[in-house]
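The structure appears right after this line, and notes come after that.
All of the numbers you see were taken from the coordinates with simple rules; none came from a lab. Quick caveat: nothing in here was measured; it's all calculated off a predicted structure. Cβ sites come from the backbone with ideal geometry, for glycine too, and all protein chains shown count toward neighbours.
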Amino acid sequence: MDKQNGNDRIGAILVVGGGIGGIQAALDLAESGYYVYLVEKSPSIGGVMAQLDKTFPTCDCSICILSPKLVECGRHPNIKLITYSEVLTVEGQPGHFRAVILKHARSVNESLCTGCGICQEKCPWSTPSEFEQGLGKRKAIYVPYAQAIPNMPVIDRKLCAYFLKGTCRACVKFCPRGAIDLDQVDQTIEVNVGAVIISIGFDEFDPASLFNYGYRKYPNVVTSIEFERILSASGPFSGELVRLSDRKPPKRIAWLQCVGSRDESLGYPYCSSACCTYAIKQAIVAKEHTPVELEETIFFMDMRTQGKDFDRFYERAKREGVAFVRAKVYEVQEAGSTGNLIVKYLGENDKLTTYECDMVVLSVGFHPSRESIVLAKKLGIQLNPYGFCYTDMFSPVETSRPGFFVAGVYQGPKDIPETVMQANGAAGRASVILAPARNTLTKKKKYSMEKDIQGEKPRIGVFVCHCGINIGGVVNVAEVAEYARTLSDVVYVEDNLYTCSQDTQEKIKATIREHNLNRIVVASCSPRTHEPLFQETIREAGLNRYLFEMANIRDQCSWVHRDRPEEATQKAKALVGGSIAKARLISPLREITIPVVPKGLVIGGGIAGMTAALELANQGFECFLIEKTDKLGGNVRRVHYTLDGSDVSTFLNETIAKVEQNELIHVYKNAAIQEVSGYVGNFKSRVLVKDEDIVLEHGVIIVATGGNEYHASEYLYGKSDRLITQLELEEKLAAGTLNGKKFKNILMIQCVGSRTEERPYCSKLCCAQAVKNAMIIMEMNPSANIYILYKDLRTYGFKEEIYQKARKMGVIFIRYTDENKPEVIHDNVSIKVKVLDEVLGEDVLIEPDLVVLSCGIVPNEDSKALAKTLRVTLNEDGFFLEAHVKLRPVDFATDGIFMAGLAHSPKPMEESIAQALAAAGRAAIPLAKGFVSVEPIVSHVDEAACIGCGLCASICPFAAIRLVSRDGVHKAETIAASCKGCGLCAASCPQLAITMGHFRSEELTAQIETLATA
Amino acid sequence: MTVVLNELDTNFKYDVANEPGGENIKLCFACGLCTASCPVADIDQKFNPRRIIRMVLLGMRKEVLSSDTIWFCIQCYSCQAHCPQNVDFADIMKALRSIAVREEHVAPSFVEKVKEIDVLCQKLRHEMVSTVIDSRSKGWEGELSKLAVDAVKRL
């Protein structure tokens, strides 16, 4: 590590790649006291996520959840967007890098362009749009997509007539600000940074070389990313599901999995991890985009829906009528001149089957782009054999070059939540190096003076959102807007395609100024996700944040009344009317800032807990590590082998030593949490350590309580010492008590206690664990016969390699189904296992010397109690529930509490480590900031009316209101920072002496009356 | 009928893997593409490349080497063209045939006869296609079986 004086380190970071990974890392770092240069090679940030219609498994609209982050990146004072640019070189050492960046000439003057779009309208030259995957067009002067940030075009000089022939210049003629600069040249700039994060994503596999699938030959064969654009409301067909040959809605669609993945013959032998789940998502979502009854079939080899809640998603698809056929399609042929396609595959009972459909979607895999391989060479970063960034098993976000970190698919195929976790983790790691240089280069956001609206009559502006087709596809948005115009005190109404996009924020601000608005109502989606965005926008326009109301006409209207559009429209009007009624009466409120105790509490001393504690300590924060047993290490103590042959035991012991020797980490063993009170920045925990009660004060909490191996009752476990679990197997192999040579026939059974009715989730690591252990035994005894009985072999991502290795070594894989589970027959002499091998078409009987059960992972038995203590939630399966599955995978909904490891969901060790880095990275942000802002939605006591009865204090679930003595008389007093604004106190007060900020009785009454009479 | 795996010859797969052409047999993950592509499987459901591979991997030495099925493959290479694991089934067929001869499940004269049949089939096809080729633009309507009989007569 760099030994130079911390004062010399540069408090800035270069983030290369403006997809969700780069965006998240940039936001985390900008909030932690660093200046961020975010470099993106295309004209705007957003990456692949901006191209998706919906995201799995919640089917959230992708742009809806991405847009607030795009806007935030665009306006954050600590983030500098450098788009249409490439990194050329980076020289130096961690703490002091000099990066040379090539800024391609946009041909547009950044300081003059307002993003009005006239140049694009007037440009006469068009070409297939890359963003639309060629299905739509763009002009020579273009912005890649409507919600792009920066909302500023570039000129494609390879298409522009001026640059080709010296003619046209329509853009120059029509630009009202003279912002076109045709003389602009490419520029190289230098930036000085302390660390670099690479998050450059991937390219999709191009299936044109697969002649047997007909891509580019038959117009109705499309790739999955093309299908996303077809589904997207902002895509070439406005979200109407039609096929390309005749623009008619398809009635039967087939998805072909593993196109360009798990394919040795094409040179892409690894698994792309996300395609199974994305195909299921597309099948579920496609039904919403067409009035026609859809028949959908997914052709797959193994269904790899191992992520959190993904197996439930798979079951949901089956319930909704999606057919799943386990067969790799041989060929797609055209059916005459209808444009229909015939899919040929090995069907049931091993019969050659053909299936005619209207459209085929090829689920293409991910591979590194050519440019990324070139960039890696320039930057001196080591790649793995597949061209992805190489990382060590135990350091999942560190590249081979010190000071360079990686996040996202560039490190290996993965989905959005894992990308976000790696981005959180990479930002945390960068922060560790640069912590001494925090806040040295940051810029403070300057707001204009807040307007004093006292005495003014309400002048309400209403913005009604279409949200693509999410709202507009059900509710008649124009009608709702028209209705709003008729209401008193409403002086301005407009409807938008996406009210949350950057260009609309600018519009809202301009409109506030132009029409002198002093209250804003947005009718769109959930305030839970988008209220802060709009509040920030109106503040930038000089209005107090609390002069804002939001009507949820999506989650509470269009989404739940899809089949009743007329009634939904009336309901939307009522909801908007209600919000307007409240808006008339709301008043400006002040935010409170409270200092943060710069310490963390980590609950759980396993690998996740220890990694998180070390990371917090590395960033300079003191933390308390609570472990309920008398040893650190958790489940990893029972793991001895990894997929790549790394030495787990040494790594574990080194980690334990680091933790115990770290001055900033206080370890409490034999400790149990009794009580936790407080709120983000100011928690107080009472911990029972052996027999002693200690009280700890800290600013954040990280839950890393782990999980346990499922205790099997199936398959006669416990009835013989020849039936053991994978962990028991590993222990015996490592201890030498199991002589691999003695066992000739070994049988492993997958999914024991996972993917069952009681536990319908995947334990994610067991397939790879079984394969790994099988290979270890084969190495000890090459003449062993190992049979692995599985439902779906889930060696996702690069783990596919060991599945192949195991088969090469002679391990036999036999699939079983829930209908035909393996039967274990145990007489006193031997164990026999019978199972139907569908590939053979017969039952097979094995008499193994050893049966190994791959038992799943169950939540820690203390999770329920801990959830109650922390006042957080568990999901259906008993694992802790995160704030948002995709974009906040380590945050709890309650501020200041984070999670990592098995406590969140089953996962292999390297993913627990990545998640722990992420949780620590996120937890460090409020600690680094030093303060938290408390929303003024808190209780207010009118002391004159208060009679000191104490009902409020006894009823408050958060201990946020208490009785105090005022000249010998009892009065209630609010503890603002603990108050969650639930309103129980106000509702219970017999004297009506308590009001809630922003939810005063008169405001709520007005809203309810309007709703009731609508 | 239950197949008892302990009674099978689990070395068979290694022997096939050591035979030229059979190197990649263990890589098969039973995706079914080979059988779906096979023109012989199309006319004879009992000919199932995927199943043949599985029988080898489980160790059904005698059943495979003495079976009829390994002689029905016409070596069109459709299976091999798109197998995602480069299992090279057509080459495995050749390897199995070699072993079958070597382990005396078939007489060398039988193998010769099959080779002669292959040559004759090519000649037959050539004859039949030549007959219909003159009407290629107008399309030929007639009985395939008569065409075959006539071609045989000419050969």
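Return the sequence-ordered ³J(HN,Hα) values of the stretch A:454-468 in whole Hz as given by the Karplus equation 6.51 cos²θ - 1.76 cosθ + 1.60 applied to θ = phi - 60°, using x for Gly and Pro.
After applying 6.51 cos²θ - 1.76 cosθ + 1.60, I find 4, x, 7, 6, x, 10, 9, x, 10, 10, 9, 9, 7, 6, x Hz.
What number results when the radius of gyration of the stretch A:625-695, computed over Cα atoms, is divided by 2.2 N^0.38 Å?
In units of the globular-protein estimate, the stretch A:625-695 measures up at 1.39.
With unit charges on the beta carbon (Lys/Arg positive, Asp/Glu negative), name the residue among A:ILE230, A:LEU643, A:ILE284 whose Cα is farthest towards the positive pole of the charge dipole of chain A.
So the residue we want is A:ILE230.
Please arrange A:ILE702, A:ILE673, A:ILE749, B:ILE117 by counting, for each residue, the other beta carbons lying within 10 Å of its beta carbon, fewest first. Please list the in-between numbers first.
Values: A:ILE702 31, A:ILE673 21, A:ILE749 26, B:ILE117 12.
The fewest-first ordering by Cβ neighbours comes to B:ILE117, A:ILE673, A:ILE749, A:ILE702.
I need the fraction of alpha carbon pairs in the stretch A:198-266 separated by more than 18 Å, rounded to a whole percent. Intermediate results must be reported in sequence, preceding the final value.
Working: 1082 of 2346 pairs.
Of the Cα pairs, 46 percent sit more than 18 Å apart.
Determine one quarter of the surface area of the Cα convex hull of the stretch A:898-954, which equals its mean projected area, and express it in nm² to one decimal.
On the way: hull surface 27.9 nm².
Mean orientational projected area (the stretch A:898-954, Cα hull): 7.0 nm².
What are the ³J(HN,Hα) values, in whole Hz, obtained from phi via the Karplus relation 6.51 cos²θ - 1.76 cosθ + 1.60 with θ = phi - 60°, for each residue of the stretch A:828-839 in sequence order, with x given for Gly and Pro?
Each residue of the stretch A:828-839 in turn: 5, 8, 8, 10, 10, 10, 10, 8, 7, 9, 5, 5 Hz.
To one decimal place, what Kirkwood hydrodynamic radius in Å is obtained for the stretch A:682-787 from all pairs of distinct Cα atoms?
Taking the inverse mean of 1/r over all distinct Cα pairs, the stretch A:682-787 comes out at 17.2 Å.
How about A:LYS571: which aspartates and glutamates have a C-alpha closer than 13 Å to its C-alpha, ignoring those fewer than 8 places off in the same chain?
Partners found: A:GLU479, A:ASP555.
Report, in degrees rounded to the nearest 10, the 0 to 90 angle that the Cα long axis of helix B:49-58 makes with the longest principal axis of chain B.
20 degrees
With no solvent and one point per C-alpha, what does the Debye sum give as log10 I(q)/I(0) for the stretch A:493-547 at q = 0.18, 0.20, 0.21 Å⁻¹?
-0.53, -0.66, -0.73
Take B:ASP15, project a point 7 Å from its Cα along the Cβ direction, then tell me which residues of the stretch B:41-78 have their backbone nitrogen under 19 Å from it.
Under cut-off, by backbone N: B:52-71.
Which FRET efficiency value, to the nearest 0.05, is calculated for B:SER130 and B:ASP42 with the Förster distance at 35 angstrom and r the Cβ-Cβ distance?
Details: r = 25 Å, r/R0 = 0.71.
Efficiency computed from Cβ-Cβ geometry: 0.90.
Enumerate the calculated ³J(HN,Hα) couplings along the stretch A:194-199 in order (Karplus 6.51 cos²θ - 1.76 cosθ + 1.60, θ = phi - 60°), each rounded to whole Hz, writing x wherever the residue is Gly or Pro.
For the stretch A:194-199, the Karplus-derived couplings read x, 7, 10, 10, 9, 9 Hz, x marking Gly and Pro.
Under a 5 Å amide H to amide H cut-off, with H placed in plane at 1.01 Å, what residues pair with A:PHE624 once short-range neighbours are removed?
The list, which skips near neighbours in sequence, is A:GLY600, A:LEU601, A:VAL602, A:HIS666.
Skipping prolines and chain starts, which residues have an amide H placed within reach, meaning under 5 Å, of the one on A:GLY408, given they are 5 or more residues away or on another chain?
A:GLN422, A:ALA423
Taking a temperature of 20 °C and a viscosity of 1.002 mPa s, what whole-number D in µm²/s does Stokes-Einstein yield for the stretch A:296-409 with Rh from Kirkwood over alpha carbon pairs?
Values: Rh = 18.0 Å.
Taking Rh from Cα pairs, D becomes 119 µm²/s.
Given H placed on each backbone N at 1.01 Å, which residues far from A:THR83 in sequence or on other chains put an amide H within less than 5 Å of it?
Amide H to amide H, under 5 Å and 5 or more residues apart or across chains, A:THR83 pairs with A:GLU40.
Mind checking the full-extension length gain between A:ALA478 and A:ILE825? Use 0.36 nm per residue of separation minus the Cα-Cα distance, one decimal, nm. Spell out each step's value before the answer.
Working: separation 347, 0.36 × 347 = 124.92 nm, distance 6.84 nm.
Roughly 118.1 nm would be gained on extension.
Which three lengths, in whole Å and largest first, does the stretch A:113-158 cover when its Cα atoms are put on their principal axes?
Cα extents, longest axis first: 27, 21, 17 Å.
Under 12 Å Cα-Cα from A:LYS631, which aspartates and glutamates qualify once same-chain neighbours fewer than 8 residues away are excluded?
Partners found: A:GLU660.
What does the convex hull of the alpha-carbon atoms of the stretch A:180-301 project to on average, in nm²?
On the way: hull surface 51.2 nm².
With the hull built on Cα positions only, its mean projection is 12.8 nm².
Could you calculate, for the stretch B:66-131, the ratio of the Cα radius of gyration to the Kirkwood radius, expressed as Rg to Rh? Don't jump to the answer; show the numbers that get you there.
Values: Rg = 14.1 Å, Rh = 13.4 Å.
Ratio of gyration radius to Kirkwood radius for the stretch B:66-131: 1.05.
Taking 23 Å as the cut-off for C-alpha to C-alpha distance, list the pairs among A:LYS599/A:LYS658; A:LYS599/A:LYS669; A:LYS318/A:LYS764; A:LYS351/A:LYS414 that go past it. Before the final figure, lay out each step's value.
On the way: A:LYS599/A:LYS658 18 Å; A:LYS599/A:LYS669 19 Å; A:LYS318/A:LYS764 21 Å; A:LYS351/A:LYS414 35 Å.
Going by Cα-Cα distance, A:LYS351/A:LYS414 fall outside the 23 Å limit.
Along the three principal axes, how long is chain B when you take its alpha carbons, biggest first, rounded to the nearest angstrom?
Extents along the principal axes, in whole Å: 59, 35, 32.
Excluding the sites themselves, what is the longest stretch of chain A that contains no GluC sites (Glu not before Pro) in a DSSP loop with at most 15 other C-beta atoms within 10 Å?
Details: sites that count: A:GLU110, A:GLU130, A:GLU293, A:GLU320, A:GLU450, A:GLU456, A:GLU591, A:GLU663, A:GLU757, A:GLU758, A:GLU819, A:GLU861, A:GLU876, A:GLU943.
Here the longest segment lacking exposed loop sites spans A:131-292.
Taking Cα atoms of the protein assembly as shown, Rg/Rh with Kirkwood Rh, to two decimals? Intermediate values should be presented prior to the final figure.
Numbers: Rg = 33.1 Å, Rh = 33.0 Å.
The Rg/Rh ratio comes out at 1.00.
What number, in percent, do you get for the relative contact order of the stretch B:19-90 if the mean sequence gap of Cα pairs under 8 Å and at least 6 apart is divided by its residue count?
45 percent
What number, rounded to the nearest 500 deg cm²/dmol, is the helix-based mean residue ellipticity at 222 nm of chain A, given -39500 (n - 2.57) per DSSP H run of at least four residues and division by all its residues? Please report the intermediate quantities before stating the final value.
Details: 24 runs with 271 residues, N = 1014.
Roughly -8000 deg cm²/dmol at 222 nm, from the helical runs in chain A.
Based on other C-beta atoms within 10 Å, arrange A:VAL680, A:VAL409, A:VAL90, A:VAL100 from fewest to most.
On the way: A:VAL680 19, A:VAL409 31, A:VAL90 23, A:VAL100 14.
Ordered by Cβ neighbours within 10 Å, fewest first: A:VAL100, A:VAL680, A:VAL90, A:VAL409.
Given a cut-off of under 8 Å on Cα pairs at least six residues apart, what relative contact order in percent is computed for chain A? Present the calculation step by step, with values, prior to reporting the outcome.
Numbers: 2337 pairs, mean separation 113.6, N = 1014.
It rounds to 11 percent for chain A.
Take the Cα atoms of the stretch A:1-149, find their three principal axes, and give me the spread along each one in whole Å, biggest first.
Taking the Cα atoms of the stretch A:1-149, the three principal extents are 57, 40, 24 Å.
Which value does Rg/Rh take for the stretch A:345-452 over its C-alpha atoms, Rh per Kirkwood?
That ratio equals 1.25.
Given the stretch A:567-630 reduced to its alpha-carbon atoms as identical point scatterers, what log10 I(q)/I(0) does the Debye formula return at q = 0.19, 0.21 Å⁻¹?
Taking Cα atoms of the stretch A:567-630 as identical point scatterers yields -0.78, -0.90.
Wrap a convex hull around the Cα atoms of the stretch A:943-1014, take a quarter of its surface area, and give that in square nanometres.
Details: hull surface 21.2 nm².
Result: 5.3 nm².
Can you tell me, using C-alpha contacts under 8 Å and at least 6 residues apart, the relative contact order of the stretch A:127-186 as a whole percent?
Details: 49 pairs, mean separation 11.0, N = 60.
It rounds to 18 percent for the stretch A:127-186.
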